[in-house]
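Below: one structure, written as structure tokens.
The values are calculated or read from the model by the stated rules, or taken from the named source; none is laboratory data. Owing to the predicted nature of the structure, the values given are computational and were not obtained by experimental measurement. Virtual Cβ from ideal backbone geometry, glycine too; neighbours counted across all protein chains shown. Heads up: the accessible areas ignore ligands, DNA and RNA and are worked out on the full protein's heavy atoms, side chains in. Shrake-Rupley method; radii C 1.70, N 1.55, O 1.52, S 1.80 Å.
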Amino acid sequence: MATLAAVNADLNSALEEARADFTRRNPKSCSLYDEACQELPGGNTRTALYYPPFPLTMLKGEGARLWDADGHRYTDFLNEFTAGVYGHSDKTIQHAIERAFENGVNRGAIGELEVKLARLIRQRFPSMELVRFVNSGTEANLLAIQLARAYTRRPKIMVFEGGYHGAVFSFSAPNNPMNAPFDYVRAQYNDIDATLALIESNAAELAVTVIEPMQAGGGCIAARPAFLEALRDACAKHHILLLFDEVVTSRLGPGGLQAMLGIVPDLTSMGKYIGGGLNFGVFGGRADVMSLLDARRPDALSHAGTFNNNVLTMAAGCAGFGEVYTAERAVALNSFGDRLRNRLNELCRKAGLAMQFTGMGSVMNVHFCAGELLRYADTKAGSADLKDLFFYDLLERGIYLARRGMMALSLPLAEADGEALLAAVNDFQKTRGSLIPKL
Ligand code: PLP
């Protein structure tokens, strides 16, 4: 830690020094990364996991802890970008997967657990009258969008700047050649008047409006309830389907943000933790829309997917979502998150620094700017280099988080882990305060 105090001449040199320290501490991760680069473009198979000079290789997880290739132990505050609600070694889920495997996998037939999981989901998300399973949140959104286009017989999709709905639906940059080639209408998050005007002018062609009730990848920016209510009304008026992407936000309460806000979308997509920590996605909603997929209909749309009902995910999902992340535990985890975020923000205020933690419940993101953040563009007022410095400094203090400053809590995290995070942030502010803009 001595090196941290030594170099704070300016942000650039502090960041350089932090990266050099990181490299010195992690020789094994460094050489594993060199090896990985020979097989995978950029040494990995998932862009979000890259950061310079090289990402850590994690070799083991247990409960709320992770161990990297060089033997450092971390408290996991990333938790697989929100999919890891259960931590790394939940016994209920482990036993369910083992039992499922004993009965044979890859049966090429309907099983009984997909019905059970669908029912568990409908009980907590009643707007999802009928559901279909897929393998990821990306796929859930892709299929929900195509279903909406087929149902409405309209081509266009409304999305929001800063939104993220999966590998082929990323709207943080003006043009993303990797996005699925739909006809998008891009609106500003939390801007009621401009969004309603866009809906009016595109109404005849808009099939669906896709929105995260809190933009997760966009920096944990919550939608104002009035904005979502206005969207709900406008979509209903013009027979545009409203698709809530609750891939992240479904964990914020027993019935997701839709229940907390009392807003009923036509369609919902989810994924992440609901499959018990295995590959998973689900989309569902109004029975009249979802019934287009009913194979008993002569005009049924086909929806395929070899692993849609794979028995390991179905078993892990029934155990995880049904028995472990119960409504009570969802409430408790999110109130832990609210308390922690409030205390983190209190630290920022007391230190007089332009630094804040946005988010809701168990999901949050640090930003190095002051004032209310209503949309992705607002987050750009904060320095990306400071976020990087925060990231490397917290890693050095044994806290694992996303490079972009996102954190998500898991069930095995204890109050003492929250205190450790607060101490690490406090220490960061003391050490680096001179580099952070003042309030
Ligand atoms: N939607 C949101 C809001 C997400 O945050 C993500 C992933 O982070 C996705 C969709 C895509 O899910 P997956 O990574 O399972 O494809």
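Of note:
- Principal axis analysis of the Cα atoms in the chain yields extents of 72, 56, 44 Å, listed in decreasing size.
- DSSP-assigned coil residues among GluC sites (Glu not before Pro) in the range 88-194, each with at most 11 further Cβ atoms within 10 Å: E112
- Loop-located GluC sites (Glu not before Pro) in the range 350-439, at most 12 other Cβ atoms within 10 Å (DSSP): E372
- Ranked by the mean number of other Cβ atoms within 10 Å of their residues, highest first, the peptides 241-252, 320-331 fall in the order 241-252, 320-331.
- Extension gain from D193 to K60, taking 0.36 nm per residue of separation minus the Cα-Cα distance: 43.0 nm
- Using C-alpha pairs below 8 Å separated by at least 6 residues, the relative contact order for the chain is 21 percent.
- For the chain, the antiparallel share of DSSP beta bridges with both residues in that region comes to about 65%.
- Placing pseudo-labels 7 Å out from each Cα toward the beta carbon at D385 and A416 gives an inter-label distance of 3.9 nm.
- Of R65, R341, R99, R122, the order by accessible heavy-atom surface (1.4 Å probe, DNA, RNA and ligands excluded), from most exposed downward, is R99, R122, R65, R341.
- R297 accessible area, 1.4 Å probe, all protein chains in place, Å² to nearest 10: 80
- Here the range 17-124 was treated as a single set of alpha-carbon atoms; its pair distances binned every 10 Å from 0 give 12, 29, 28, 20, 10, 1 percent.
- C-alpha center-to-center spacing [the range 200-236, the range 287-365] in angstrom: 18
- Protein-only accessible surface order, largest first, of T195, T57 at 1.4 Å: T57, T195
- Structure remark: mean-square fluctuation, Gaussian network model of the chain, C-alpha springs under 10 Å; the largest value among I93, I192, I110 belongs to I110.
- GNM flexibility winner over the chain from L389, L142, L261 (Cα, springs under 10 Å): L261
- Number of Lys-Lys pairs in the chain with C-alpha atoms under 17 Å apart and a separation of 8 or more places or on different chains: 9.
- For the chain, the longest principal axis of the Cα atoms and the long axis of helix 137-152 meet at an angle of about 30 degrees.
- Cα long-axis angle, helix 327-351 against the chain (0 to 90 degrees, to the nearest 10): 40
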